[in-house]
Amino acid sequence: MTDYAELLSRVGKAASATRTRPLAGRPRGVPPPVAPADVEAAETALGFRLPPLLAAVHTTIGDGDFGPDYGLFPLRGAVSRYEAFRARGAGEEPDDWPWPEGVLPVADLGCAMLACVDCRSPDGTVLLFEPNPGDADRAWYVLAPSLAAWLTAWLEGTGWFAEDEEDFTGGDLPPWPDHRARSAAVRI
């Protein structure tokens, strides 16, 4: 297993310095970490394990509200989104597109875009879900080859963003070719 101690330390310092917009009734700052039992419960509900780095972020730094763009979702929120997305049909509209198995939405990137972690990939590939073009085949891109690379890019201020682009079509991001095969078996 990879030792993420240095990266977790850097993420923790950046999270402490982050002043996110408070949600209704929530104070500013990073929520406390979740217990390991909460990660186990999430994994049981999801039916797959979280990448070790993602689990460590939630158990050692805090339960969301920090990180790239609008910040990481709290663990329960990510699980709820995944379950709702997996329960969708196979319609033509983005709200009805089937969701790939093992792809956990972890952060809101704005304009309906989500950062997602492919929990079936060895390093937790971070994917961009971009439904705005209105075509499921143009909605999935690789943001970073690993969760560690994505968090490092956030820390270094080199992360992806599509500022001032009216019709984002992936730009320089490589498409994620597995979305169809992984979306085929929708659980209801």
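For the range 27-87, pairs of C-alpha atoms spaced more than 18 angstrom apart make up 31 percent of the total. Close amide-amide hydrogen proximity is noted between ALA107 and PHE73, ALA115, each under 5 Å apart and 5 or more residues distant or on a separate chain (H modeled in the peptide plane; Pro and chain starts excluded). Here the scattering of the range 78-142 is modelled by Debye summation over its C-alpha atoms, one equal scatterer each and no solvent; at q = 0.13, 0.19, 0.23 Å⁻¹ the log10 of I(q)/I(0) is -0.31, -0.68, -1.02.
Per-residue Karplus couplings for the range 9-14, computed as 6.51 cos²θ - 1.76 cosθ + 1.60 with θ equal to phi - 60°, are listed in order as 4, 5, 5, x, 5, 5 Hz, Gly and Pro entered as x.
Per-residue 3J(HN,Hα) values for the range 124-135, derived from phi via the Karplus relation 6.51 cos²θ - 1.76 cosθ + 1.60 with θ = phi - 60°, read x, 3, 9, 10, 9, 9, 10, x, 4, x, x, 9 Hz in sequence order (x marks Gly and Pro).
Coordinate-derived values only; no laboratory data. What you see is a predicted model, and the numbers here were worked out from it, not measured in a lab.
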